Amino acid sequence: QVQLVESGGGLVQAEGSLRLSCTASGRTIGNYHMGWFRQAPGKEREFVAAISARGYMTSYADSVKGRFTISRDNARSTVYLQMNSLKPEDTAVYYCAADLRWGSRSYSTVNYWGQGTQVTVSP
């Protein structure tokens with residue numbers, strides 16, 4: 001089992017920045033592809049970004065490409081999401097995901113989830 005704990009969410013003005021962190025425990029995450037998803041009220045959970053197990057490959061949703069950066073530090077069992085140039089439409093609960101299927105952007109392929117952290121972007 002893997003336990004994931006997110007942190008770093010909050011309230012920020014448009015064009016501001018936040019960095020989310022996801023720290024894992026229970027098992028080393030070095031063998032897992034990791035990612036971030038988000039869910040806005042009344043909407044389905046959607047893919048945001050993913051990073052391969054060794055960190056060599058990344059993937060982003062078109063809506064965040066060029067603004068968000070995913071990274072990982074396997075020695076610290078931590079995954080990060082740097083979010084710049086935030087927009088009000090980025091407002092959502094952000095979830096860390098572990099052991100996801102590379103190439104799939106469906107939340108149904110994720111085996112482990114964090115509890116989520118709220119990100120609110122004001123106009």
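For the stretch 73-90, just list the computed ³J(HN,Hα) in residue order, Karplus coefficients 6.51, -1.76 and 1.60, θ = phi - 60°, integers in Hz, with x standing in for Gly and Pro.
Working through the residues one at a time gives 10, 5, 5, 9, 6, 10, 10, 10, 9, 8, 10, 10, 6, 5, 10, x, 6, 7 Hz.
Relative to the compact-globule scaling 2.2 N^0.38 Å, provide the ratio for the alpha-carbon radius of gyration of the chain.
Here the Cα radius of gyration is 0.96 times the empirical estimate.
Could you check how much of the accessible area of the stretch 1-120 is carbon and sulfur, as a whole percent, using a 1.4 Å probe?
Carbon with sulfur: 45 percent of the solvent-accessible area.
Just want to confirm a number: the relative contact order over the chain, from Cα pairs under 8 angstrom separated by 6+ residues, in percent.
Computed value for the chain: 36 percent relative contact order.
Tell me the chymotrypsin sites (Phe, Trp or Tyr not before Pro) within the stretch 21-123 that lie in a loop according to DSSP and have at most 12 other beta-carbon atoms within 10 Å.
Y56
With every protein chain present, what is the per residue accessible area of the stretch 7-123 (1.4 Å probe, Å²)?
I get 50 Å² per residue for the stretch 7-123.
What is the set of long-range amide H partners of G10 at a cut-off below 5 Å, with H atoms built 1.01 Å from backbone N?
It is V119, T120, by chain and number.
The values are calculated or read from the model by the stated rules, or taken from the named source; none is laboratory data. Worth saying up front: this structure is predicted, and the values here are computed from it rather than measured. Here Cβ is always computed from backbone atoms with ideal geometry, including for glycine, and neighbour counts include all displayed protein chains. Only protein heavy atoms, including side chains, enter the accessible area calculation; ligands, DNA and RNA are left aside. Shrake-Rupley method; radii C 1.70, N 1.55, O 1.52, S 1.80 Å.
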